[in-house]
Amino acid sequence: MKFKGTYIFLLLLTQALFAQVAFKTKVSKNKLGVNQRLRVEFTINKQGADNFSPPNFKTFEVLGGPSQSVNQSWINGKSSYSQTYSYIVSPIRKGNLRISGATITYEGKRIQSNTVKVHVVEAIELPKDPNDPDYIANQNVHLEVLVSDTKPYVGEGIYVEYRLYFSNNVAISDFDFKEFPAYKGFWNQDIKIDQIQVENGKYQGEDYRYFAIKKTVLIPQKSGKLVLEPIKTDLIIGVPTGRGDFFGNPITRNIRKSFKTFQKRIQVKPLPTKGKPADFIGAVGDFDLRVSNSKQSLKANESTQLQVAVSGRGNLKLFSLPGIATPNELEVYTPEHKENLKTSVAGIKGLKGKIYDQYTVVPQFKGKYKIPTVSFSYFNPKEEKYHTLTSEELLIHVTEGKDLPTDSGGTKSANNQKPVAANNDFRYLQNSTFFVEKESASFFKSTLFYVLLLLPLLLIPLGVLLGKKQKARARDLIGNRTRKADKLARKYLSIAKKELGKKEAFYVALEKALHNYLKAKLQIETAEISKERITELLERRGVSSQTIAAFIAVLDDCDFARYAPVSKVTTQQEYDKAKEIISKLDKQL
């Protein structure tokens, strides 16, 4: 019995609380002529209600709506809230017509508004509209969201525009956003509106003026049902008061009113699995691939630039470019990624422009090196099929430099030859006209005489030894790369100094200098350069944690500063910091 009493109490309490929710149907008039219009409003007094569903206006023609407005006020510490969905309808016949209730969801429960009956009579002479400013604003202002495609593919861009329609009876002087959509499940890129442009158009078949208050491009990241949340804005609306001034001009009154769009549901289609290439990495749009080389012929230790570029329209920011494969004899540095993009609203929606990775390549030995083909796959949503693009092979011809070492340790062009001394290399010549004083004759068979005599014989093994060391140095690929990296580090650091004040060029040169310094000191390859690997190697060599952290911080600054505004003072500070940290590392290493 005690449990039953508690259950009844909770049930009554829940019903009492739920009874506070009011969802009502109101009409602007209960009697009208068949040639008149009727405003129907569905109002709920609780915030958080959604999934509004209007009734079936069987005996009415819907001329406008739905439009949505929100009113919230605080009076003497008490707040009130109402959210209204409005329609403008016209009866299609005479008689007692019925408008069924609308439905809405609040706290998981479906609520239905009351039914309203309207008496429609013969066509009558239309009276003047009432001078209620709020009524005039609701009839003459509408906020709508337009979506280019409600059934896109994953990765396919859609264009969304939020338009404000207003009739010639009112004027819009200002607007202020109160709620922005979160765009959950979408990558989004706003389109900047530099200047409001008012245009003429149609709304529900009637002449209106309109302008866009927000434009954006959305790219869905997953398939299924996604929702565009409403956007809310406060408007300053100039409405006529029905009165005129001394000269007969109408007097207007400015009012502030909130408008809110409805939710839009987007059904995102998954990309087809049939025909999907193995190297597909999520590119959706219409693209071109180009792989180019800045120099086809160069000397050893000179640099050339390899560029892998994808251009066109689509989700250019949302996929990685394919990499390149190079022979081991070519030194390849971490690519520099660049973008030249703008938002596209024509054709395939998304981003339009070009993205590319630029590799710095330095050959070590002379010869001809082949850069293999690069392939890139994408999905074209307009054609609904996959495409694979393949670049042509590139050839790098190194005309001057050391020969490529062979497996046996020798070089292709080096021939070992032993020096041979001729029997008549040294002769004693006597001439009857040549006289030497007695003191000078002591030079013959002197110590200096024998030193100079044996000096060439001593230089021969020294030359052989130097030749062997030179050959060993040529075969030492790691040592050559280390010396080259050390040289390039000094080179790029000097370039960074010249580029002070030029943000992008400075940080690219500074990052390359730091990478090459590491390669010179730690004898690691470009592919091994990572924060974890750097920390591990420096700790193993006894470098202090503070110095390691400072070095990593300089590398992080290089990455961050490319996308952040910096000044010449900032770049000078970064340059000085890099010099200081390299000096500290040298001392500790």
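The values are calculated or read from the model by the stated rules, or taken from the named source; none is laboratory data. Small disclaimer: the values here were computed from a predicted structure and weren't measured. Methodologically, a virtual Cβ is constructed for each residue, glycine included, from the backbone with ideal geometry; neighbour enumeration extends over all protein chains shown.
The table below lists the values:
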| quantity | calculated |
| --- | --- |
| Of residues in region 208-253 being assigned to a strand (DSSP E or B) and among the hydroxyl-bearing types (Ser, Thr, Tyr), the one modelled with the lowest pLDDT | Thr241 |
| Unique match (being more than 17 Å from Leu318 (Cβ to Cβ) and surrounded by fewer than 16 Cβ atoms within 10 Å (Cβ to Cβ)) among Thr373, Thr360 | Thr373 |
| Residue in region 18-36 that is at pLDDT below 85, loosely packed, with under 10 Cβ neighbours inside 10 Å and within 20 Å of Ile104 (Cβ to Cβ) present | yes |
| All positions within region 257-277 that are within 30 Å of Lys232 (Cβ to Cβ) and over 26 Å from the mean Cα position of the chain (by Cα) | Lys257, Ser258, Phe259, Lys260, Thr261, Phe262, Gln263 |
| Subset of region 50-102 [of a type in the set (Lys, Arg), in a strand (DSSP E or B) and either touching a strand residue (DSSP E or B) at 6+ places or on another chain (Cβ under 7 Å) or closer than 21 Å to Gln36 by Cβ (or both)] | Arg98 |
| Output for region 358-390, where each listed residue is touching a Leu at 6+ places or on another chain (Cβ under 6 Å) and closer than 20 Å to Pro277 by Cβ | Phe376, Phe379, Leu389 |
| Filtered residues of region 103-144 (kept if hydroxyl-bearing (Ser, Thr, Tyr) and at pLDDT below 85) | Tyr135 |
| So Gln47, is it over 30 Å from Val121 (Cβ atoms) and in a strand (DSSP E or B) | no |
| Looking only at region 277-295, and only at residues there that are acidic (Asp, Glu) and closer than 22 Å to Ile371 by Cα, the one that is modelled with the highest pLDDT | Asp288 |
| Glu392 vs. criteria among the charged types (D, E, K, R), surrounded by fewer than 15 Cβ atoms within 10 Å (Cβ to Cβ), touching a residue at least 40 places away in the same chain (Cβ under 8 Å) and closer than 22 Å to Phe280 by Cα | yes |
| Test: residue in region 55-74 that is among the basic types (Lys, Arg), over 44 Å from the mean Cα position of the chain (by Cα) and either in the same structural domain as Gln204 (by TED's automatic domain parsing) or closer than 28 Å to Tyr165 by Cα (or both) | yes |
| Single match in Leu330, Leu321, Leu306, Leu298 (criterion: outside the structural domain of Pro220 (by TED's automatic domain parsing), at pLDDT 90 or above, farther than 19 Å from Tyr386 by Cα and surrounded by 18 or more Cβ atoms within 10 Å (Cβ to Cβ)) | Leu306 |
| Residue identified as over 16 Å from Asn380 (Cβ atoms) and among the charged types (D, E, K, R) among Lys274, Lys299 | Lys299 |
| Extreme residue, surrounded by the fewest Cβ atoms within 10 Å (Cβ to Cβ), among residues of region 258-291 that are out of contact with any Asp or Glu (no Cβ under 7 Å at 6 or more places or on another chain) and of a type in the set (A, V, I, L, M) | Ala278 |
| Hits in region 190-221 - residues which are of a type in the set (Lys, Arg) and surrounded by 12 or more Cβ atoms within 10 Å (Cβ to Cβ) | Arg209, Lys214, Lys215 |
| Filtered residues of region 495-514 (kept if assigned to a helix (DSSP H, G or I) and within 18 Å of Glu580 (Cβ to Cβ)) | Ala496, Lys497, Phe506, Tyr507, Ala509, Leu510, Glu511, Ala513, Leu514 |
| Residue among Pro181, Pro133 that alone is surrounded by 15 or more Cβ atoms within 10 Å (Cβ to Cβ), in contact with an Asp or Glu (Cβ under 7 Å, 6 or more places away or on another chain) and either under 17 Å from Ser67 (Cα atoms) or not assigned by TED's automatic domain parsing to the domain that holds Phe57 (or both) | Pro181 |
